[in-house]
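Every number here is computed from the coordinates shown, using simple stated rules; none is lab data. Remember, predicted model here, so these are calculated numbers, not experimental data. Quick reminder, even Gly has a Cβ in these numbers, built from the backbone with ideal geometry, and neighbours come from all protein chains shown.
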Amino acid sequence: MTSVANPISGSALVSIRDLRISFRLDRKTRFEAVKGISFDIPQNSTVALVGESGSGKSVTSLAMLGLLPPENSIIDRASQIVYGGRNLVSLPIGELRKLRGADISMIFQEPMTSLNPVFSVGWQLEEVLRLHMGMTGRAARKRSIEVLREVGIPEPERRIDAYPSQLSGGQQQRVMIAMAIACEPKLLIADEPTTALDVTIQKQILDLIADLQKRRQMSVLFITHDLAVVGEIADYVVVMRNGEIREQGPAKAVFETPQDTYTKALLRCRPQLDRRPTRLPVIDDYMRGTGPTHTEERRRGVRMSDPIVLDVKNLGKSFYSREGLFGKREFKAVKDVSFKLPKGKTLGLVGESGSGKTTVGLTLMRLHEATTGEAIFEGRDLLSMSPKEFMAYKRRIQIIFQNPYASLNPRFTIGQILVEPMQIHGIGDSTQARTDMAFELLDKVGLAEVSFYKYPHEFSGGQRQRIAIARCLTMKPDILICDESVSALDVSVQAQVLNLLQDLQDEFGLSYIFISHDLAVVKYISDEVMVMNEGSIVEMANSDEIYRHPKMPYTRNLLASIPKGWQGGRERAND
Amino acid sequence: MATHAAALREGRAPIVREVPHTVSPGLWTLAWRRLRSDRVGMVSLVIVVAFLLMMILSAAGLIASDWNREVGVNYAPPSFLGSEAPAASQAAAIAPGGEATSAAPEYKSKIVDPIGDVIAELKAGKGERGESQPAAAPPATSGTPAEQGESVDPLAAVMADIRAKTAQSQVHTEERKATLPFGGDKWGRDVLKKTIKGSETSIFVGLAAAALATFLGTVFGAVAGYFGKWVDDFFNWFYSVFSSIPYLLLILAVAAVLQQKGIMTIVLILGLTGWAGTFRLMRAEYLKHKAREYVQAADAIGASNARRMFVHIFPNVSHVVLVQMSIYTVGFIKAEVILSFLGFGVPVDVVSWGSMLNEAQNELILGKWWQLVAAGTAMALLVTAFSLFTDALRDALDPKLKGRAGA
């Protein structure tokens, strides 16, 4: 709360004063999610609310619409959310409902789950108009088509009768935006509207929101964890952490001369496209006041002389769906993919959703059966050997999944999780030896010894990902496949896990296949990058080469879509 | 708790280390804590446990082992009504033993008996003929039943036999009590003790049948859901065919195949016919869980199919099994009653709440309500408590709350 005394000036559309929200966890304990924050949303501008998970940013936005679950949330009585001279906190629910959708509307993170799948897009749009504008029949339909055209849906006359499942993710998010702006709201709250989307789609949606904001003269409250996105869109920035505001002010000030250490840390611990320090700075470095410890650049790249550990040739994977009584339709998820993985290096695998990059990883692990191709490891083809033979090789290739909350069995203690693979593969002679090794690995991934006796739910996302890494390490693999392994993590935690992966590679000479949609992260960690689209390789080259001189138009388009952050502040931030 | 046990069985890590550590609560411990804060759930749990305790004590022969002794007069009324109740004398009129018939029927009825007059008439008629022909004589020897004004009793000969035997064995050394704590049945047995003894059968049948049904359902569902493809098709066909047969017909069919009466037969009937619901549920759970990342991760580290199914997935769906089992227990306690009513229930020499209720339907006409109330109340109390406990259990095990503590 460094700058509460200095709220954003100007004619405010909404001003939030001393907002306190807590949640009842059980009869006695309460958790204070928002600890007395104050900020303004000026008219005709975009305010970005930035923070990591648990910072209270989403809770704040839900409170503005009165959407917090009434049974366990408590908004402090002294809190004020003033809109149009009225305090939304004390407004009766009926009045609030009139404001929702009409004056203040909201778009959510997941367009796939926010639209009702059994109603057509038009029906859902018309419902909003019917409820708030009193429009009916033909007028509502005409207006719906207009709005759909405004958000850039092609052929709106036809698409209005489509069901959500018939639209792509980007189009669904456009429909959500159309619903949000249909009644010409004065304030649009966008809660992580682009997080679930591919970079190219993200860019389109960001452009659309920016464009609509200008054209409609409305205000946007943009909630995100991604500072690069904020740099592109925001006029004002509010940085939150643990329910408090760390810093707020015009975007220029926050990006160019951040005052708060946390803001500074947040700006720097995210991998950047033009730099590659040997270690990424983490939030703790800044909070302790030491600053970044390793500033020298790491050299990346693959030489012809590097020994090859895995040679993949013409890998293909098809999925079949039934069609008619006897027919089968083939869907080629991976087509004719060949690459060589050098020892001790990282191969980055980038592509948009549906490009087949995850399927490549799962097929190499034989979690999916490959349709064609071979993967030569120590002179043997991993894909064609019998399951029994493969068992011996299974531990040599391991995978770290995307979601650390789902990939650990919730009913096992960490000790059980770590000891199990050693038991299965007969690593270590006795229970005692295995236990000792588990303790060693816990230490290696930076977790306390007590963790051995705990259950996964007692750890945060980053810690769980470390446990997953430790589990892989118990088997001493040669190749580690990281399937979006840091995508679900907060920026600061992401840096820690990336550093850990790098340390392990340096120590054990592991080879990584690093699958991600995040181009900045891939650039940071990879020696070589392979771009995939619709199941085929588009381009493959050393990472510096591919980011500097992309050859294919698809790659160029992909790289151009990466949010560039605060353009004006770039040089200063890199000092 | 369960996972610890599993770990020990697996030979996994009875870990001893010098590091001082606080044992972290597993999900079961957390669920128990949530359950403990649920007042209704805890009260229900206490009631259920009390019933189970009663059942165990009774099975061990520590209480109600003498339920079979005819301690009271026939249809002895509950003590709190007093022995003046008309029932006693009425009961005497039709009870076996010569001395009972001589007792003149008195009607000081406070309760209005709708068919009291009719019975009085019948009694009067019987009394007239009583000089030449004692009413206590078996009907088979006393001309046509119509003449006697009594309904035809096909088991009369058997009953007479039993009566003769009991009359012989019954040494009239002890005084028969006029009243019993909660009344007596037709033979003067203590209804309260009978109810306690009956709980043994009813609860055992309920629990055992529920365990069998959930076991079958879980194994079938796990195999079908986990392996999918033709295995799943096979089980689904089996399930579809199975569930297309009317339920009662199925029960009768199984009963006919098993060919004998007994507690185990009822358990088998209920268990073999009741697995379908759990099957669908477990199949869905396994379908859902086998695609989860933690199962893929187990595959990646080389865990076998059986290991993934039962060591990895099962503990994560075991709460569903538990809830299913308690729902089944409630249902099967009731089903036992229905079976007993239909005549597929427990043998004559065994008492259960079902057989008590079956007896009670005849007694009710005579105004002897206590057996019905005793068995009915016991069952209603247990079933309600069990249902409420099941609800509380489901809430406590609700995985939606998972993760909040750690996040």
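What is the spin-label model distance, in nm, from A:GLU184 to A:TYR163 if the labels are put 7 Å beyond Cα along the C-beta direction?
3.5
Given a Förster distance of 45 Å, report the FRET efficiency between A:SER15 and B:PHE310 from their Cβ-Cβ distance, rounded to the nearest 0.05.
Approximately 0.15, to the nearest 0.05.
Taking a cut-off of 26 Å between Cα atoms, list the lysines near A:LYS186, but don't count ones fewer than 8 places away on the same chain.
Correct list for A:LYS186: A:LYS57, A:LYS98, A:LYS142, A:LYS203, A:LYS214, A:LYS252.
Cross-link partners among lysines for B:LYS334, C-alpha distance below 25 Å, same-chain residues fewer than 8 apart left out?
List returned: B:LYS186, B:LYS193, B:LYS194, B:LYS197, B:LYS261, B:LYS368.
Gain in length, A:GLU330 to A:ARG77, computed as 0.36 nm per residue apart minus the alpha-carbon separation, to one decimal in nm?
Stretched fully, the A:GLU330-A:ARG77 segment lengthens by 85.0 nm.
Across segment A:243-369, how large is the tail of the calculated P(r) beyond 23 Å, expressed as a percent of all Cα pairs? Don't skip to the end; give the middle numbers.
On the way: 4804 of 8001 pairs.
Here the tail beyond 23 Å accounts for 60 percent of pairs.
Can you give the average number of partner chain beta-carbon atoms within 10 Å of each beta-carbon in peptide A:393-402, as a whole number?
Rounded to a whole number, the mean comes out at 3.
Could you tell me which of rounded, prolate or oblate describes segment A:487-573, using a ≥ b ≥ c as the square roots of the eigenvalues of the alpha-carbon gyration tensor, with rounded for a/c under 1.5 and, failing that, prolate when a/b is larger than b/c and oblate otherwise? It would help to have the intermediate numbers written out before the result.
On the way: a/c = 1.82, a/b = 1.12, b/c = 1.62.
It comes out oblate by the Cα gyration axes.
To the nearest 20 debye, what is the magnitude of the charge dipole of chain A about its Cα centre, counting +1 on the Cβ of each Lys and Arg and -1 on the Cβ of each Asp and Glu?
880
Rounded, prolate or oblate: which one fits chain A, using the alpha carbon gyration tensor with axes a ≥ b ≥ c (rounded when a/c is under 1.5, else prolate when a/b beats b/c, else oblate)?
In terms of gyration-tensor shape, prolate.
Rounded to the nearest 0.05, what FRET efficiency do A:LEU25 and A:ARG288 give with R0 = 35 Å and r taken as the Cβ-Cβ distance? Could you check?
So, using R0 = 35 Å, E works out to roughly 0.70.
For a test of the definition: using alpha carbon positions, the gyration tensor, and the 1.5 limit on a/c, classify segment A:427-541 as rounded, prolate or oblate.
prolate
Which length gain, in nm to one decimal place, applies between A:LYS340 and A:VAL118 when the Cα-Cα distance is subtracted from 0.36 nm times their residue separation? Spell out each step's value before the answer.
Working: separation 222, 0.36 × 222 = 79.92 nm, distance 4.63 nm.
Working it through step by step, the gained length comes to 75.3 nm.
Hey, how many Å between the Cα centroid of segment A:370-384 and the Cα centroid of segment A:392-463?
28
Return the inverse of the average 1/r over all pairs of distinct C-alpha atoms in segment B:194-250, which is the Kirkwood hydrodynamic radius, in Å to one decimal. Working shown, then result.
On the way: mean 1/r = 0.0743 Å⁻¹.
With all distinct Cα pairs of segment B:194-250 included, I get 13.5 Å.
Starting from the Cα of B:TYR247, step 7 Å toward the Cβ, then list every residue of segment B:329-356 with an amide N under 17 Å from that point.
Those under the cut-off are B:329-345.
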